[in-house]
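The values are calculated or read from the model by the stated rules, or taken from the named source; none is laboratory data. Just so we're clear, the structure is a prediction, and the values are computed from it rather than from any experiment. Every residue, glycine as well, gets a Cβ built from its backbone with ideal geometry; the counts of neighbours run over all protein chains shown.
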Amino acid sequence: LPMFGIGGLTGIPLAFNSADLYLHDTYYVIAHFHYIVAPGTIFGLFAGVYYWFPKATGRKMSEFWGKVHFWPTLICMNMIFLPMFLQGMAGMHRRWYDGGQGWGVANEHTVWGLTGFQWNQPISWAAWIMGLAQIPFIINFFWSIKHGEKVNDNPWEATTLEWTAPSPPPHGNFVHTPVAYRGPYEYSLPGRERDFTMQNEPVEPTERSRRKPPAEPVLA
């Protein structure tokens with residue numbers, strides 16, 4: 001979310017003619033666009049795999065190797081796209097590799113000892129390292145299918161109905177048709193011992209007095 005926020009906020013200058021005349025078609029636009037797209041899609045995809053893996057296989061992926069995968073990916077993604085803001089503000093054109101007015105303007109200024117064009121080298125190194133950081137994820141994924149820690153049907157203590165199905169689910173998903181007695185996100189209910197309450201748990205009489213109207217069972 002913070003990276004998505006960076007992408008959103010850096011798009012505001014592009015909406016002003018005075019700033020966009022300079023930043024248009026520079027590396028600044030590349031950085032802005034990828035801060036919007038990359039974190040939301042790539043990290044969202046990885047999060048979904050880690051989250052749903054136990055339901056699909058009955059086993060959990062290694063948390064240690066998940067961290068080994070996550071941190072280099074996060075750091076390198078920022079090392080790739082953050083310097084592009086500097087390159088764009090230095091005048092580097094995003095469609096030219098080493099020529100044109102953008103090249104000349106970019107190399108008149110240095111940021112942390114590097115000209116705009118010289119920032120391509122650490123960006124390239126970060127891209128290679130981020131690519132290599134996906135190897136632990138691939139190994140972790142396939143290794144955990146057979147050797148991962150076995151988990152129960154609801155290892156994340158979720159509340160929604162899909163977590164009432166066995167892990168992995170049989171044909172038809174549910175052994176019995178689930179019944180929803182409550183909303184999908186009920187956490188920390190007063191009087192409950194557990195911090196989460198699943199949808200298929202009937203509403204207790206003490207809860208009905210706090211509900212308007214009373215919850216009625218609904219076939220899923």
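Can you tell me which of 53, 70 is touching a strand residue (DSSP E or B) at 6+ places or on another chain (Cβ under 8 Å), part of a helix (DSSP H, G or I) and modelled with pLDDT of 90 or more? Answer to the check: 53.
Taking residue 162, is it under 30 Å from the mean Cα position of the chain (by Cα), of a type in the set (Asp, Glu) and within 19 Å of residue 66 (Cα to Cα)?
No, not satisfied.
Only one of the numbered conditions (1) part of a loop (DSSP other than H, G, I, E, B); (2) modelled with pLDDT of 90 or more is not met by residue 141, and that is (1). The one condition from (1) closer than 30 Å to residue 146 by Cα; (2) of a type in the set (Val, Ile, Thr); (3) surrounded by 17 or more Cβ atoms within 10 Å (Cβ to Cβ) that residue 29 does not meet is (1).
Every condition in (1) over 21 Å from the mean Cα position of the chain (by Cα); (2) assigned to a helix (DSSP H, G or I) is met by residue 96 except one, and the failing one is (2). So is residue 47 in a helix (DSSP H, G or I) and closer than 22 Å to residue 136 by Cβ or not? Yes: the conditions hold for residue 47. Candidates are the residues of segment 184-201 that are within 14 Å of residue 156 (Cα to Cα) and hydrophobic (A, V, I, L, M, F, W, C); the one that is surrounded by the fewest Cβ atoms within 10 Å (Cβ to Cβ) is 196. Contact map, segment 156-177: residues that are under 21 Å from residue 146 (Cα atoms) paired with residues that are of a type in the set (Ser, Thr, Tyr), Cβ distance under 8 Å, separation 6+ or inter-chain. Pairs shown: 156/51; 167/57; 168/57.
Determine, yes or no, whether residue 81 is within 30 Å of residue 116 (Cα to Cα) and hydrophobic (A, V, I, L, M, F, W, C). Yes: the conditions hold for residue 81.
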